[in-house]
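J.: Take a look at this one; I'll ask things after.
The values are calculated or read from the model by the stated rules, or taken from the named source; none is laboratory data. Predicted, not measured: the structure shown is a model, and the values here were computed from it. For neighbour counting, all protein chains shown are included, and Cβ atoms are generated from backbone atoms with ideal geometry for every residue, glycine included. Please note that ligands, DNA and RNA were not included when accessible areas were found on the heavy atoms of the full protein model with its side chains. Shrake-Rupley method; radii C 1.70, N 1.55, O 1.52, S 1.80 Å.
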Amino acid sequence: MEVNTLAKNAEVIAVVNQKGGTGKTTTCENLGIGLAMEGRRVLLADTDPQASLTVSLGNPYPDELSPTLADLLGKVLADKPIAPGEGILHHLEGVDYVPANIALSGLEVSLVNAMSRETILRQYLETVRQDYDFILLDCMPSLGMLTVNALAAADKVLVPVQAAYLPAKGLEQLLETIHKVRRQINPKLKIEGILLTMVDSRTNYSRDIANLIRERYGGKLKVYQTDIPRSVRAEEISAEGKSIFQHDPKGKVAEAYKVLTREVINNAEKRRKHQLEGVR
């Protein structure tokens, strides 16, 4: 008899944009903690050598951490066993996370000549996937080998886009890369949604860009109903080591991430229900 494992395996979501400053790390952290607040088991993985997520989760000196994602992926490359829980840290707000540091940059160079180089991260995640409901990958602001690994490992892609002209213009290139990875490496990869970030609803410019993205992409891709507002309070949390829910729980950004969290959960539950019906 076949055992149904669909309900046991985490949904892996890569938070990706090749542009810097679009709110990837803020979204990964706050969506992850939002999911944990809703009772989901969550793992965050920092796949960026700049270690922004690691710092935002309360580690101001990431280069002093060991082991990190670079060590775990190095073990996969060397075909060495990884102990249960190895390299996974716990945050007080209920999420687990795998930290990164500058060593990941050297690991990326090693990937260039590795066999199955695009799937090293996927191979690691397969060892922990059954322990979580969601795994979120915070990606670096480029379309290099680490980002390709994240796309190859993911089920879904969440794309934060700043409501400004240049970030919106770069969206097309990112979507082309996602389609290429889907064709060549990961046929199950789908776009979870486009998330508009740093939206200043007081300005016509910000509203116009948001409307433009919805008009251009809303017909073929999901653009989240929730916009993440621009807020000084949100920009402060990377130095605090805690989420917006702790730093400014009654603010507009915390409310926006709560709504986004519910959207992501509802989407996942619909897909899971559909999958289970397909198995029957």
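J.: Does TYR257 satisfy being at pLDDT 85 or above, in contact with a Leu (Cβ under 8 Å, 6 or more places away or on another chain), farther than 27 Å from GLY39 by Cβ and open to solvent by less than 70 Å² (accessible area, probe 1.4 Å)?
T.: Values: at pLDDT 85 or above: yes; in contact with a Leu (Cβ under 8 Å, 6 or more places away or on another chain): yes; farther than 27 Å from GLY39 by Cβ: no; open to solvent by less than 70 Å² (accessible area, probe 1.4 Å): yes.
No, not satisfied.
J.: Residues LEU136, LEU121: which one is touching a residue at least 12 places away in the same chain (Cβ under 8 Å), crowded, with 24+ Cβ neighbours inside 10 Å and assigned to a strand (DSSP E or B)?
T.: Working: LEU121 fails: assigned to a strand (DSSP E or B).
The match here is LEU136.
J.: Exactly one of (1) open to solvent by 90 Å² or more (accessible area, probe 1.4 Å); (2) in a loop (DSSP other than H, G, I, E, B); (3) touching an Asp or Glu at 6+ places or on another chain (Cβ under 9 Å) is unmet by GLN225. Its number?
T.: For GLN225, the failing item is (2).
J.: While we're looking at this one, here's another question. May I ask you to say which residue of ARG202, ARG230 is basic (Lys, Arg) and crowded, with 16+ Cβ neighbours inside 10 Å?
T.: Numbers: ARG202 fails: crowded, with 16+ Cβ neighbours inside 10 Å.
The unique qualifying residue is ARG230.
J.: Residues that are closer than 16 Å to ILE120 by Cβ, in a loop (DSSP other than H, G, I, E, B) and open to solvent by 10 Å² or more (accessible area, probe 1.4 Å): does the stretch 69-77 have at least one? Outline the logic, then answer.
T.: At the first step, the residues of the stretch 69-77 found to be closer than 16 Å to ILE120 by Cβ are 69-77.
Those left that are additionally in a loop (DSSP other than H, G, I, E, B): none.
Within the stretch 69-77 (the criterion being closer than 16 Å to ILE120 by Cβ, in a loop (DSSP other than H, G, I, E, B) and open to solvent by 10 Å² or more (accessible area, probe 1.4 Å)), the answer is no, since none of the residues qualifies.
J.: State which residue is least open to solvent (accessible area, probe 1.4 Å) when the search covers only the stretch 83-113 and only residues that are β-branched (Val, Ile, Thr) and either without any contact (Cβ under 8 Å) to a residue 40 or more places away in the chain or outside any loop (DSSP other than H, G, I, E, B) (or both). Quick ask: steps written out before the conclusion?
T.: We begin by selecting, within the stretch 83-113, every residue β-branched (Val, Ile, Thr); these are 88, 95, 98, 102, 109, 112.
Now drop any that are not either without any contact (Cβ under 8 Å) to a residue 40 or more places away in the chain or outside any loop (DSSP other than H, G, I, E, B) (or both), which leaves 98, 109, 112.
Values: VAL98: 1, VAL109: 104, VAL112: 75 Å².
Top of the filtered list is VAL98.
J.: Now, a different point. Which members of the stretch 239-251 meet the condition of being in a helix (DSSP H, G or I) and surrounded by 16 or more Cβ atoms within 10 Å (Cβ to Cβ)? It would help to see each step written out before you state the result.
T.: We begin by selecting, within the stretch 239-251, every residue in a helix (DSSP H, G or I); these are 239, 244-247.
Residues satisfying the conditions are ILE244, PHE245, HIS247.
J.: Name the single residue, out of those in the stretch 10-22 being at pLDDT below 95 and crowded, with 23+ Cβ neighbours inside 10 Å, that is nearest to HIS179 (Cα to Cα).
T.: Filtering the stretch 10-22 for residues that are at pLDDT below 95 and crowded, with 23+ Cβ neighbours inside 10 Å, the one nearest to HIS179 (Cα to Cα) comes out as ASN17.
J.: In addition: Taking the options LYS80, LYS24, LYS19, LYS75, name whichever one is touching a helix residue (DSSP H, G or I) at 6+ places or on another chain (Cβ under 6 Å) and not aliphatic (A, V, I, L, M). Walk me through it before giving the result.
T.: Numbers: LYS80 fails: touching a helix residue (DSSP H, G or I) at 6+ places or on another chain (Cβ under 6 Å); LYS24 fails: touching a helix residue (DSSP H, G or I) at 6+ places or on another chain (Cβ under 6 Å); LYS75 fails: touching a helix residue (DSSP H, G or I) at 6+ places or on another chain (Cβ under 6 Å).
Result: LYS19 is the single residue among LYS80, LYS24, LYS19, LYS75 that is touching a helix residue (DSSP H, G or I) at 6+ places or on another chain (Cβ under 6 Å) and not aliphatic (A, V, I, L, M).
J.: Does GLY32 qualify as being more than 23 Å from VAL109 (Cα to Cα) and not in a loop (DSSP other than H, G, I, E, B)?
T.: Working: more than 23 Å from VAL109 (Cα to Cα): yes; not in a loop (DSSP other than H, G, I, E, B): yes.
Yes, satisfied.
J.: Something else about it: The conditions are (1) polar (S, T, N, Q); (2) part of a loop (DSSP other than H, G, I, E, B); (3) farther than 21 Å from ALA14 by Cα, and ASN186 fails exactly one of them. Which is it?
T.: (3)
J.: Counting only residues that are open to solvent by less than 10 Å² (accessible area, probe 1.4 Å) and not hydrophobic (A, V, I, L, M, F, W, C), which one in the stretch 26-47 is nearest to MET140 (Cα to Cα)? Lay out the reasoning, then the answer.
T.: Going residue by residue through the stretch 26-47, those that are open to solvent by less than 10 Å² (accessible area, probe 1.4 Å) are 27-35, 42-47.
Checking the rest, the ones that are also not hydrophobic (A, V, I, L, M, F, W, C) come to 27, 29-30, 32, 34, 46-47.
Working: THR27: 13, GLU29: 14, ASN30: 17, GLY32: 17, GLY34: 22, ASP46: 9, THR47: 7 Å.
Of everything passing the filter in the stretch 26-47, THR47 is nearest to MET140 (Cα to Cα).
J.: Just the residues that are more than 16 Å from the chain's Cα centre (by Cα) and open to solvent by less than 10 Å² (accessible area, probe 1.4 Å), please, taken from the stretch 145-169.
T.: Listed by number, the list holds a single entry, ALA163.
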